[in-house]
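Written below as structure tokens is the structure these notes are about.
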Amino acid sequence: MVTKIFLVVAIILFVPLMSISAEEPENEILLHEPFLVTSAGQSLDAYLVKAAFDKLGVKSDLETIAYADDLEGFNQIIIVGGFSHKGIASAGLSFLDEIERVSQILEKAEEISMPIIFIYLGTFFLGDSREVNLIEVITPLASQIIVYVECSGPLSYIYEVAEKNDIPVSHINDVNDLSEEFSRIFLF
Amino acid sequence: MVLKNPVVSGLLEKILISKTIGKSAKNHNRKILFGLFFIGASLIVPLAIQTQINSLLEDIRQSVLTGDTGLLLLAATKLVFFNTIRHAPVITGAFLIGEGLSSIFKYNRFVFFLSLLIIPFVFKAISAIYNIQFLFTGSIYVTVSVILVLFFLTTKIPRTIIKLFIINLFLFGFDWLEIVPMLEKFGYSGGEIAKSIIMVSGFIGADYILNYVGFTISLMIIINALILTKVIIDHYNRMFLIEKLRKTEIEALHSRYFQEVKHLVHDLKTPLFTIHGLNGAIKMMVENPKVKTYNDVIANSVENISSMISEILHERKLSVIDVKEITDFLKTHLSLEENQEKVKIKLLTEKKIHANKYLLSRALINIINNSLQAIDPEIGLVQLNVDEENGMVLFSVMDNGRGISKENLEKIWELGYSSGKSTGLGLNFVKKVVNNHRGDIEIQSKPKQGTTVKIYLPKVDLNDEKIASG
């Protein structure tokens, strides 16, 4: 009898704990090569993503300033968000040019039903409203979202929009080991 | 040329130091102008290095794609270099303006501190002009703190260029810490590129190298800056100590010289006594009235010399004398001086004063001689007025000479201070004499307009006179 009571108590106590500690299963994203990697905001993050794919031996095309027409011939597009003053300036663009370019890409991708994977690492977020503007443009139209959990960017907004639009969100825990994280998130 | 005389070489060194210090004080306007120039330059620098910054970004991108640690290190080095180029004119300009303004206003430390507030404004202006985030990062906070400490430690050091060199050396050292990944979590590195470099270093596994290189180079530069600061402060402290020692030396020599003069004057008493005695004996022995008259003249002169000797030997001994006696004595002595026709004496009172006639006259001659040196030989004029003011007897010596600057006015009473033509003992002696007479001395001067020296001495009232005569 005592053993039975003990078992019941143990089950009552451990089941919730087990559910807390268990990690949520990650969304696995299937990559269809060839795919295009582009930047939204010209931060360095797009290069980090490209380098991570290279490390995994996955062929990706990086066009930081890609236009709508450049989508032709690709099966998927990965947009890496992150605003950089220096990046925009060195590319010879204005912020309005950049937001216009990104909007056109999104519009075209929707038109041809191309899946949009939005990666937001937010490693250089310095509270600039222009980065938030870019996120607001991309997030609702993304097919998949991948975010860096420790970034200082507006994650709550991303989660909110993702939930509202039923967009799956995957997480990156260690930005320094991006290739390892990608191997967990993507199916090649 | 080697100067063997320690007094002369000491005085020359003193003059050189005084000139260096005076020169620095005069330069505050120039400092402010240079400061504004540097602030102006700081607004242009970001534009001038835009291309280099773009190439630096490209280096970082390539280092991400290739995983090249060397390329990232090169980018980090370039960033530190460009950061210092961007920060240095702001820091230099603010420091110069601060130093310039602090020499004009009374609360110099507070004014200097306020002047450093220019720095955040310039950063904001640069951000607004170029639509970038020119951030007030860790290196700027630390450099500004160092500037404040240096300002307090080096107040007496006149060489601004040395201070600027030290400050910029510190800045360069602190800028190196901006690329140290270990310090990023403390918010030291605020700039976008610095953050990118640190981020990439973690990504390609170069954070250890960046920590090591950043810390080592920064430490080397900061240690050098600290050593330089210590050497410079010690050097100037030694110079000030030498100056102080020279002053003491001059004072000692001055005192020794007067002691010797006193001994000499004292020794004159014996032959004078002999002259006086023998003159009396001759007077008794001869019947010739002419010779007797000569005897009286000799006796009178011996009396005068004797009283003069007494006044020299007993400098604190004051007697009640008519101010006319002083002006008469001055007229007699000035007649022997060069340019004496330039000196006009006006006696506007007949009052009596307690004075050591010989020393007071010497003091006034000293002032008049200074004025004669300061005036133009063609149109110059020196006027001595003896009058009454506020119940005191006033001796005022006015000239229309080159005047004395505000900075030098504060130093003229110092022993050894000289405009370069005299020993620097004169006005110090004058002040001592006036103090012994329980009087006051003041000096007013405007460069290129002239100088007025006023000596106020208490006049003798009737009661004093009775006591003195009684």
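The values are calculated or read from the model by the stated rules, or taken from the named source; none is laboratory data. The shown structure was predicted, so the numbers you read here are calculated from the model rather than taken from an experiment. Because the Cβ atoms are built from the backbone with ideal geometry, glycine has one as well, and the counts that use them run over all protein chains shown. Side chains included, ligands, DNA and RNA excluded: accessible areas come from the protein's heavy atoms. Shrake-Rupley method; radii C 1.70, N 1.55, O 1.52, S 1.80 Å.
When you go through (1) more than 14 Å from every other protein chain (Cβ to nearest Cβ); (2) over 47 Å from the mean Cα position of the chain (by Cα) one by one for residue B:221, which number turns out not to apply?
(2)
Here is a check on your reading of the model: is residue B:164 more than 12 Å from every other protein chain (Cβ to nearest Cβ) and without any contact (Cβ under 8 Å) to a residue 60 or more places away in the chain?
Criteria not met by residue B:164.
Considering each residue of region B:375-423, count those that are among the hydrophobic types (A, V, I, L, M, F, W, C), modelled with pLDDT of 85 or more and open to solvent by less than 30 Å² (accessible area, probe 1.4 Å), and give that number.
Qualifying residue count, region B:375-423: 8.
Would you pick out the residues in region B:179-213 that are at pLDDT 90 or above, hydrophobic (A, V, I, L, M, F, W, C) and not in a helix (DSSP H, G or I)?
Answer for region B:179-213, where residues must be at pLDDT 90 or above, hydrophobic (A, V, I, L, M, F, W, C) and not in a helix (DSSP H, G or I): B:180, B:206.
Which one is nearest to residue B:36 (Cα to Cα) among residues in region B:112-136 that are within 14 Å of chain A (Cβ to nearest Cβ) and hydrophobic (A, V, I, L, M, F, W, C)?
Looking at residues that are within 14 Å of chain A (Cβ to nearest Cβ) and hydrophobic (A, V, I, L, M, F, W, C), I get B:126.
Which residues, counting only those in region A:73-94, are touching a residue at least 24 places away in the same chain (Cβ under 8 Å), open to solvent by 30 Å² or more (accessible area, probe 1.4 Å) and part of a helix (DSSP H, G or I)?
The one that is touching a residue at least 24 places away in the same chain (Cβ under 8 Å), open to solvent by 30 Å² or more (accessible area, probe 1.4 Å) and part of a helix (DSSP H, G or I): A:90.
Output the number of residues of region B:41-94 satisfying the condition of being within 12 Å of another protein chain (Cβ to nearest Cβ) and aromatic (Phe, Trp, Tyr).
Residues in region B:41-94 being within 12 Å of another protein chain (Cβ to nearest Cβ) and aromatic (Phe, Trp, Tyr): 1 in total.
If the Cβ limit is 7 Å and pairs must be 6+ apart or interchain, which residue in region B:228-257 that is without any contact (Cβ under 8 Å) to a residue 60 or more places away in the chain pairs with which residue that is open to solvent by 70 Å² or more (accessible area, probe 1.4 Å)?
none
Let me confirm something: among B:204, B:232, which residue is touching a Gly at 6+ places or on another chain (Cβ under 7 Å) and open to solvent by less than 60 Å² (accessible area, probe 1.4 Å)?
Exactly one residue qualifies, and that residue is B:204.
Taking region B:56-66 as the region of interest, how many residues are within 26 Å of residue B:129 (Cα to Cα) and open to solvent by 50 Å² or more (accessible area, probe 1.4 Å)?
1
Among the residues of region B:331-358 satisfying the criterion of being of a type in the set (A, V, I, L, M) and modelled with pLDDT under 85, which is least open to solvent (accessible area, probe 1.4 Å)?
Among those that are of a type in the set (A, V, I, L, M) and modelled with pLDDT under 85, it is B:334.
Has region B:167-185 got at least one residue that is β-branched (Val, Ile, Thr), crowded, with 20+ Cβ neighbours inside 10 Å, in contact (Cβ under 8 Å) with a residue 12 or more places away in the chain and under 18 Å from residue B:230 (Cβ atoms)?
Yes, because at least one residue in region B:167-185 is β-branched (Val, Ile, Thr), crowded, with 20+ Cβ neighbours inside 10 Å, in contact (Cβ under 8 Å) with a residue 12 or more places away in the chain and under 18 Å from residue B:230 (Cβ atoms).
Is there a residue in region B:188-195 that is more than 14 Å from every other protein chain (Cβ to nearest Cβ), free of Cβ contacts under 8 Å to residues at least 60 places away in the same chain and touching a helix residue (DSSP H, G or I) at 6+ places or on another chain (Cβ under 7 Å)?
Scanning region B:188-195 turns up at least one residue that is more than 14 Å from every other protein chain (Cβ to nearest Cβ), free of Cβ contacts under 8 Å to residues at least 60 places away in the same chain and touching a helix residue (DSSP H, G or I) at 6+ places or on another chain (Cβ under 7 Å).
Somewhere in region A:119-130, is a residue surrounded by fewer than 18 Cβ atoms within 10 Å (Cβ to Cβ) and away from every other protein chain (no Cβ under 14 Å)?
no
Have a look at B:139, B:201 and point out the one that is in contact with a helix residue (DSSP H, G or I) (Cβ under 6 Å, 6 or more places away or on another chain), touching a residue at least 40 places away in the same chain (Cβ under 8 Å), within 14 Å of chain A (Cβ to nearest Cβ) and not aliphatic (A, V, I, L, M).
Matching residue, one of B:139, B:201: B:201.
Can you work out which of the residues in region A:48-72 that are open to solvent by 30 Å² or more (accessible area, probe 1.4 Å) and not in a loop (DSSP other than H, G, I, E, B) is farthest from the other protein chains (Cβ to nearest Cβ)?
Applying the filter and picking the extreme gives A:69.
May I ask you to verify whether residue B:265 is surrounded by 15 or more Cβ atoms within 10 Å (Cβ to Cβ) and either in contact (Cβ under 8 Å) with a residue 12 or more places away in the chain or on the phi < 0 side of the Ramachandran plot (or both)?
Yes.
Considering only residues that are open to solvent by 30 Å² or more (accessible area, probe 1.4 Å) and aliphatic (A, V, I, L, M), which ones fall in region B:147-166?
Result: B:148, B:149, B:153, B:161, B:162.
Can you name the number of the only condition in (1) farther than 30 Å from residue A:50 by Cα; (2) surrounded by 18 or more Cβ atoms within 10 Å (Cβ to Cβ); (3) among the β-branched types (Val, Ile, Thr) that residue B:80 fails?
The number of the failed condition is (1).
Could you grab me the full set of residues in region A:131-160 that are more than 23 Å from residue A:112 (Cα to Cα), more than 13 Å from the chain's Cα centre (by Cα) and part of a helix (DSSP H, G or I)?
Within region A:131-160, A:131, A:132, A:133, A:156, A:157, A:160 qualify.
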